[in-house]
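I have placed the structure first, in the form of structure tokens, so that the comments after it can refer back to it.
The values are calculated or read from the model by the stated rules, or taken from the named source; none is laboratory data. This is a predicted model, so every value here is computed, not measured. We place every Cβ from the backbone using ideal geometry, glycine too, and count neighbours over all the protein chains shown.
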Amino acid sequence: MRGASVLNIEADPNAENFYIRMGARRIGKHASEVDGQPRLLPVLEMTL
């Protein structure tokens with residue numbers, strides 16, 4: 001999107017450190033489900 005200043009990312013827990021190294025910061029978590037199993041996904045924000 002043109003003019004966007006922030007990118008929000010619902011990341012795979014195993015990819016969180018990658019996004020943090022790229023400049024994102026954790027702002028929360030999102031409850032999700034995979035194959036009927038509960039899973040918490042980190043929610044990250046990156047300033048563009």
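Does the stretch 1-16 hold any residues that are within 13 Å of E45 (Cα to Cα) and either part of a strand (DSSP E or B) or over 8 Å from the mean Cα position of the chain (by Cα) (or both), and which are they?
Within the stretch 1-16, A4, S5, V6, L7, N8, I9, E10 meet the criteria.
Return yes when E33 is assigned to a strand (DSSP E or B) and either loosely packed, with under 10 Cβ neighbours inside 10 Å or at pLDDT 95 or above (or both) and no when it is not. Spelling it out, E33 is indeed assigned to a strand (DSSP E or B) and either loosely packed, with under 10 Cβ neighbours inside 10 Å or at pLDDT 95 or above (or both).
Scoring V6 on the criteria (1) in contact (Cβ under 8 Å) with a residue 24 or more places away in the chain; (2) surrounded by 11 or more Cβ atoms within 10 Å (Cβ to Cβ); (3) among the hydrophobic types (A, V, I, L, M, F, W, C) leaves a single failure, condition (2).
With respect to R39, determine if the residue is modelled with pLDDT of 95 or more, surrounded by 10 or more Cβ atoms within 10 Å (Cβ to Cβ) and over 12 Å from the mean Cα position of the chain (by Cα). Criteria met by R39. Would you please list the contacts, defined by Cβ atoms under 7 Å and residues six or more apart or on different chains, that run from a residue in the stretch 20-46 that is under 11 Å from N8 (Cβ atoms) to a residue that is surrounded by 11 or more Cβ atoms within 10 Å (Cβ to Cβ) and of a type in the set (S, T, Y)? Correct list of pairs: L44/Y19.
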